[in-house]
Amino acid sequence: MQKRKLGSSGLEVSTLDFECMGLNFLDGKGLDEKEAITLLDNAVERGVTFF
């Protein structure tokens, strides 16, 4: 996974981000907690660090 520096802090984040809004609200309903945790775990395993 490629990374970029975020601002002048030196913090590096993945170039791909993961939008989390749909985890708790998606067309009036969200994912259940177990599904949301699994989804986030999978993103982290693949190198996503920008949420």
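The values are calculated or read from the model by the stated rules, or taken from the named source; none is laboratory data. Because the structure is a prediction, the values reported are computed rather than measured. In this analysis, Cβ positions are derived from the backbone assuming ideal geometry, glycine residues included, and neighbour counts consider all displayed protein chains. Accessible surface areas use protein heavy atoms only, side chains included; no ligands, DNA or RNA. Shrake-Rupley method; radii C 1.70, N 1.55, O 1.52, S 1.80 Å.
Quick look at the numbers
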{"read-out": "Between helix 33-45 and the chain: long-axis angle, C-alpha atoms, 0 to 90°, nearest 10", "value": "20 degrees"}
{"read-out": "Filtered trypsin sites (Lys or Arg not before Pro), the chain: DSSP coil and at most 12 other beta carbons within 10 Å", "value": "46"}
{"read-out": "Mean separation of Cα contacts under 8 Å, 6 or more apart, over the residue count of the chain: relative contact order %", "value": "42 percent"}
{"read-out": "The chain: calculated mean residue ellipticity at 222 nm from DSSP helix runs of at least 4, using -39500 (n - 2.57)", "value": "-9000 deg cm²/dmol"}
{"read-out": "Under the Debye formula (equal points on every Cα, no solvent term), log10 I(q)/I(0) of the chain at q = 0.31 Å⁻¹", "value": "-1.12"}
{"read-out": "Debye, to nearest 20: dipole size of the chain, +1 on Lys, Arg Cβ, -1 on Asp, Glu Cβ", "value": "300 debye"}
{"read-out": "The chain, accessible surface, carbon-and-sulfur percent (1.4 angstrom probe)", "value": "55 percent"}
